[in-house]
Amino acid sequence: MSKLQALIFDVDGTLADTERDGHRVAFNRAFADAGLDWEWSVERYGELLAVTGGKERIHQYLTTDYPEFEPPGDRREWIAGLHKAKTAHYTRLIEENVVPLRPGVKRLLQEARDAGLRLAIATTTTPANVTALLQTALGADSLDWFEVIAAGDIVPAKKPAPDIYHYALQALQLEPEACLVFEDSEAGLQSAKQANLQTVITVNGYTQAQDFAGAALVLDHLGEPSLPFQVLAGPANGATLFDLQLAAYLQTQTP
Ligand code: XBP
Ligand code: MG
């Protein structure tokens, strides 16, 4: 069994609960700016999250809800322009601290850095969104904590395809066995599993009912000393928060 060398983090839903009050609000503000009477409710957005990638999500919404809608000019360019406006709204929302980091995230990142573990990000979201979240929540130099920030369109196929995790492993020059992934969704788990990566899931409001078969551990969050986590599936070895000791224990549990 190879020694754990790197932690790889998903962003949306994992580092912070960004979808309901961040991305969804940003989409709606961009729609309003464009003079569109589209409003993605909390519930409808939960359905739309089945499609990863904001541009792809807008395309899917047009296909299902407005099949007759003909955007002016090239459809792909029009969607890209709308999505660019959404990203501007989203980064502004994040910079206003609308979405805090989830419990245990900052603590685990700090413990990993102190232990000399390498850190990476593997996300579907747009790179600018990652920059805004990290710098706002962890400070200006936090981008340097992550050796690899694999995000958005950097790969041809988004989660649940494994491309983004293959990209991160290639950039880290590490074997899957030396890494541990943190995700929040079934699509994220499928992506990591196809890349043979052991995965810890922290569920959220949008993902709690999804299928996490094959995850090493499923939690409600990573926990804090004053806020023990709840184990939803898998072995936690009596721990009440996720730390490197539990990470090492999980490595002994790999089939
Ligand atoms: C979640 C996604 C992203 C976000 C929106 O990414 O699927 O599409 O919902 O961000 P992950 P964009 O969980 O992999 O971090 O609009 O920039 O795509
Ligand atoms: Mg996610």
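Remarks
- Ala30 within 11 Å of ligand 1 (Cβ to nearest atom), of a type in the set (A, V, I, L, M), touching a residue at least 60 places away in the same chain (Cβ under 8 Å) and part of a helix (DSSP H, G or I): no
- Some residue of the range 6-21 being more than 16 Å from ligand 2 (Cβ to nearest atom) and either within 22 Å of the chain's Cα centre (by Cα) or assigned to a loop (DSSP other than H, G, I, E, B) (or both): yes
- Answer from Leu169, Leu189, Leu174 - the residue that is more than 19 Å from the chain's Cα centre (by Cα), modelled with pLDDT of 95 or more and under 28 Å from Ala132 (Cβ atoms): Leu174
- The range 22-59, subset within 21 Å of the chain's Cα centre (by Cα) and among the small types (Gly, Ala, Ser), residue farthest from ligand 2 (Cβ to nearest atom): Ser41
- When each of Glu56, Glu96 is tested for being surrounded by fewer than 19 Cβ atoms within 10 Å (Cβ to Cβ) and closer than 23 Å to Gln190 by Cα, the lone residue that passes is Glu56.
- Test for Thr240: is it outside the structural domain of Thr52 (by TED's automatic domain parsing), polar (S, T, N, Q) and surrounded by 19 or more Cβ atoms within 10 Å (Cβ to Cβ): no
- Meets criteria (under 25 Å from Pro127 (Cβ atoms), away from ligand 1 (no atom under 13 Å from the Cβ), of a type outside the set (D, E, K, R) and not in a helix (DSSP H, G or I)) for Leu36: no
- Failed item, numbered, when Pro162 is tested on (1) within 16 Å of ligand 1 (Cβ to nearest atom); (2) surrounded by fewer than 20 Cβ atoms within 10 Å (Cβ to Cβ): (2)
- Candidates Thr131, Thr123, filtered to the one that is buried (at least 17 other Cβ atoms within 10 Å of the Cβ) and either of a type outside the set (Lys, Arg) or over 13 Å from Phe9 (Cα atoms) (or both): Thr123
The values are calculated or read from the model by the stated rules, or taken from the named source; none is laboratory data. Quick caveat: nothing in here was measured; it's all calculated off a predicted structure. Every residue, glycine as well, gets a Cβ built from its backbone with ideal geometry; the counts of neighbours run over all protein chains shown.
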